[in-house]
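Okay, so here's the structure we're looking at.
The values are calculated or read from the model by the stated rules, or taken from the named source; none is laboratory data. Bear in mind that the values here come from a model prediction, so they are computed numbers and not experimental data. Please note: Cβ atoms are built from the backbone with ideal geometry, for glycine as well, and neighbour counts cover all protein chains shown. With ligands, DNA and RNA removed, areas are computed over all heavy atoms of the protein, side chains included. Shrake-Rupley method; radii C 1.70, N 1.55, O 1.52, S 1.80 Å.
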Amino acid sequence: MNLDCQQERELMDSYLSEELSVETNHGFLRHVAECRDCAAELKRRQRLRALLSETLDLAVNDVEADRVRMRITHAVDRERRSWQRIARLGAVAATLVAAVAVWYWAGSPVDAAAYNDSAEDHVACALTYPSSTVYDPDRAAQNLTPPFEHIVDAVGRSHGLYHVIDAHMCPYKGRNYAHVVIRGDGQTLSLFAERAERGALPDAPTTVLAGDAVDVHATTRLGYRISAVATRDHRLFLVSERPTAPPDIAQGILVSAVRFIRGLEK
């Protein structure tokens with residue numbers, strides 16, 4: 001393993017915990033897109049975390065703490081981790097179980113930062129892409145994780161003058177967006193999708209897209225137009241500088257994304 005790979009692997013747990021800065025996160029994703037060994041290691045760690053998340057879901061539904069601890073231990077054993085790693089994961093899992101239980105019983109608050117965070121991440125991420133960037137399906141496949149790996153196929157890569165130029169998982173301020181970057185007609189759009197784990201959308205002017213029964217919470221934050229939709233388990237945000245021409249391009253992108261997300265929730 002060379003020095004670059006060693007340094008990037010030291011960042012993997014922080015990346016998966018959404019603790020990296022936007023700049024460090026993008027550098028890490030560029031390395032993983034080019035390094036097959038590091039990409040394989042990242043997927044292995046993602047599988048382990050997915051299993052941990054599954055056991056936490058069982059804890060919320062069944063409140064079976066002993067079963068959770070047993071499954072975590074077995075998962076870590078299969079990964080051949082050291083006993084120190086087992087102790088660390090056990091402590092983290094216990095903390096997560098407690099946090100999930102508190103959320104489960106206390107209910108879901110309003111996520112007051114929802115709109116601002118989407119606008120800020122649009123600036124910090126989408127607007128930094130060079131004008132020459134073109135969509136690379138292999139890069140997107142490396143940088144999207146389940147259940148969002150097919151979001152570009154569902155939304156569509158081209159919409160009139162607008163074209164998808166990238167898609168990736170985009171940690172920002174404790175969130176983990178699936179971020180689709182779309183460019184055309186002199187502006188950049190961001191489509192964000194995330195699990196609704198931080199509370200309900202704040203009140204905002206609401207419209208209904210004709211024929212699709214989609215409630216859109218439309219507002220303006222930090223000078224950007226934001227159209228947000230809440231589904232059962234997820235929220236979506238479409239961020240733009242101005243209306244698309246024709247306007248139904250933006251509506252089509254958002255409706256396609258909502259259909260994809262609702263399909264995940266069945």
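Observations, loosely collected:
- Any hit, segment 200-210, residues being under 19 Å from Asp117 (Cα atoms), assigned to a strand (DSSP E or B) and at pLDDT below 95: yes
- Pick from segment 143-155, criterion in contact with a strand residue (DSSP E or B) (Cβ under 8 Å, 6 or more places away or on another chain) and assigned to a loop (DSSP other than H, G, I, E, B), ranking: surrounded by the fewest Cβ atoms within 10 Å (Cβ to Cβ): Thr145
- Taking every residue in segment 103-126 that is under 15 Å from Glu197 (Cβ atoms) and modelled with pLDDT of 95 or more and pairing it with any residue that is open to solvent by 50 Å² or more (accessible area, probe 1.4 Å) and among the charged types (D, E, K, R), at least 6 positions away or on another chain, the pairs with Cβ-Cβ distances below 6 Å are Asp117/Lys173.
- Evaluation of Glu197 against (1) closer than 18 Å to Glu120 by Cβ; (2) in a loop (DSSP other than H, G, I, E, B); (3) among the acidic types (Asp, Glu) (one fails), failing number: (1)
- Figure legend. Inter-residue proximity from segment 158-180: first residues within 22 Å of Ala112 (Cα to Cα), second residues crowded, with 22+ Cβ neighbours inside 10 Å and β-branched (Val, Ile, Thr), beta-carbon distance below 6 Å, spacing 6+ or different chains. Indicated pairs: Ala178/Ile151.
- Residue selected from segment 109-142 under the condition open to solvent by 30 Å² or more (accessible area, probe 1.4 Å) and of a type in the set (Phe, Trp, Tyr), by the criterion nearest to Ala39 (Cα to Cα): Tyr135
- Sole exception among (1) crowded, with 19+ Cβ neighbours inside 10 Å; (2) touching a residue at least 24 places away in the same chain (Cβ under 8 Å) for His217, by number: (2)
- Any chance Arg235 is out of contact with any strand residue (DSSP E or B) (no Cβ under 7 Å at 6 or more places or on another chain), surrounded by 14 or more Cβ atoms within 10 Å (Cβ to Cβ) and among the charged types (D, E, K, R): no
Residue-by-condition table, conditions (1) in contact with a helix residue (DSSP H, G or I) (Cβ under 8 Å, 6 or more places away or on another chain); (2) among the polar types (S, T, N, Q); (3) farther than 21 Å from Ala154 by Cβ; (4) in a helix (DSSP H, G or I):
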residue	(1), (2), (3), (4)
His168	yes, no, no, no
Tyr177	yes, no, no, no
Arg225	no, no, yes, no
Ser256	yes, yes, no, yes
Ile261	no, no, no, yes
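- Members of segment 7-39 that are open to solvent by 60 Å² or more (accessible area, probe 1.4 Å) and farther than 26 Å from Asp117 by Cα: Gln7, Glu10, Glu34, Arg36, Asp37
- Filter pass, Val92 being surrounded by 15 or more Cβ atoms within 10 Å (Cβ to Cβ) and either modelled with pLDDT under 80 or among the β-branched types (Val, Ile, Thr) (or both): no
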